[in-house]
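Undergrad: Structure provided below as structure tokens; questions to follow.
The values are calculated or read from the model by the stated rules, or taken from the named source; none is laboratory data. Since we're looking at a predicted model, the values are computed, not measured. Glycine also receives a Cβ, built like all others from the backbone with ideal geometry; neighbour counts cover every protein chain displayed.
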Amino acid sequence: MELPSKLLENAVNEIAQLPGIGKRTALRLALHLLRQPLEQTSTLTQALDALRNEIQYCEECHTISDTSICSICSNAKRDKTIICVVEDVRDVMAIEATGLYKGIYHVLGGKINPIEGIGPTQLNIKSLLDKVKTNTVNEIIFALSSTMEGDTTNFYIFKQLKEFNIVTSTIARGIGIGDELEYTDEVTLGRSLMHRIPFEQSIRQL
């Protein structure tokens with residue numbers, strides 16, 4: 001695509017690196033920004049700079065936060081004895097949207113995937129086990145996607161928890177095999193949480 005300006009071309013190339021954005025869409029966005037008042041473009045730039053430079057990760061659950069401890073972990077009304085294990089912050093937002101879960105979370109930051117070189121040590125698994133060792137946790141809910149990588153990660157953590165007197169459950173399989181939580185409707189996801197099953201039972205179903 002031949003563009004009349006190198007500056008425009010650079011902007012289009014950068015925007016096109018965003019997920020789901022092709023070169024034509026990137027060009028439309030860049031031209032749209034050019035038509036906006038300078039103040040609006042500056043506000044967008046400042047917001048993106050702040051997002052990248054000031055965002056924090058909760059010291060307790062590893063979700064993104066504006067403070068060292070996120071609003072969920074610092075909420076005295078949440079049940080700290082129940083931990084829902086998820087892949088990333090998008091899953092936290094999906095579950096929170098159901099309004100049915102009152103425990104806390106633990107964000108792993110991914111799933112075990114040997115093909116991509118992601119092993120247990122690259123994930124936030126150790127900090128989860130440290131929480132369990134404090135004897136303040138009664139239940140771990142596995143809420144990873146129903147994929148091979150998700151099931152592998154669930155099973156790995158489950159084996160690490162065997163020595164502890166703790167309940168392990170997984171969200172009910174109302175969510176289709178291979179589906180991602182962020183694309184699941186709120187009603188289905190909420191019911192899956194409410195009707196979770198013992199993790200060992202889910203292993204027998206595989």
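Undergrad: Looking at the range 1-17, which of its residues are in a helix (DSSP H, G or I) and either surrounded by 13 or more Cβ atoms within 10 Å (Cβ to Cβ) or aliphatic (A, V, I, L, M) (or both)?
TA: Residues satisfying the conditions are LEU7, LEU8, GLU9, ALA11, VAL12, ASN13, ILE15.
Undergrad: Which of the following residues is on the phi > 0 side of the Ramachandran plot and modelled with pLDDT of 90 or more: GLY178, GLY119, GLY110, GLY103?
TA: Result: GLY110 is the single residue among GLY178, GLY119, GLY110, GLY103 that is on the phi > 0 side of the Ramachandran plot and modelled with pLDDT of 90 or more.
Undergrad: Please go through the range 53-73 and pick out each residue that is assigned to a loop (DSSP other than H, G, I, E, B) and more than 10 Å from ILE104 (Cα to Cα).
TA: Across the range 53-73, the qualifying residues are ILE55, CYS58, GLU59, HIS62, THR63, ASP66, THR67, SER68, ILE69, CYS70, SER71.
Undergrad: Would you be able to say whether some residue in the range 19-39 is in contact with a Lys or Arg (Cβ under 9 Å, 6 or more places away or on another chain), surrounded by 14 or more Cβ atoms within 10 Å (Cβ to Cβ) and at negative phi?
TA: No; the residues of the range 19-39 include none that is in contact with a Lys or Arg (Cβ under 9 Å, 6 or more places away or on another chain), surrounded by 14 or more Cβ atoms within 10 Å (Cβ to Cβ) and at negative phi.
Undergrad: Scan ILE83, ILE69 and give me the residue that is outside the structural domain of PHE155 (by TED's automatic domain parsing) and of a type in the set (A, V, I, L, M).
TA: Sole residue among the options that is outside the structural domain of PHE155 (by TED's automatic domain parsing) and of a type in the set (A, V, I, L, M): ILE69.
Undergrad: If a residue has to be surrounded by 12 or more Cβ atoms within 10 Å (Cβ to Cβ), of a type in the set (A, V, I, L, M, F, W, C) and closer than 18 Å to ASN138 by Cβ to count, how many in the range 53-85 make the cut?
TA: 7
Undergrad: Then there is this: Considering ASN124, ASN154, which residue is polar (S, T, N, Q), part of a helix (DSSP H, G or I) and either modelled with pLDDT of 95 or more or farther than 18 Å from ARG78 by Cα (or both)?
TA: Going through ASN124, ASN154 in turn, just one is polar (S, T, N, Q), part of a helix (DSSP H, G or I) and either modelled with pLDDT of 95 or more or farther than 18 Å from ARG78 by Cα (or both): ASN154.
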